[in-house]
Amino acid sequence: MAHALKGFMGLTDRLRFVFGPATRLDADTPVVHRHDEFEQASEEDLSHFVVESDSTGHHYAVRREDTGGTR
């Protein structure tokens, strides 16, 4: 395991040399998420489903048309 970790650390050192150090951002700054056309289309597709849970806690998706469309 130590050999794999040492190899990984060597790889990250070489990548840092090529790409520069990791950017450190302010952790308190909120992330700005911009929706593109693909995300809007995905949200539209997913809006036709509702998440249900059974008695054992498993979650699954059900089409709104199958639930009467009221949820």
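Points worth noting:
- Nonlocal amide H pairs with F49, under 5 Å, H built at 1.01 Å: R64
- Simple label model, 7 Å out from Cα along Cβ direction - H35 to F17, nm: 4.6 nm
- Options (1) 45; (2) 247; (3) 146 - which one matches volume of the Cα convex hull per residue in Å³ as calculated here: (2)
- Contact order relative to length of the chain, as percent, for alpha carbon pairs under 8 angstrom and 6 or more apart: 16 percent
Every read-out reported here was derived from the displayed coordinates using simple, explicitly stated rules and does not represent laboratory data. Computed from a predicted model, the values in this text were never measured in an experiment. Heads up, the Cβs are rebuilt from the backbone with ideal geometry, glycines too, and the neighbour counts pull from every protein chain shown.
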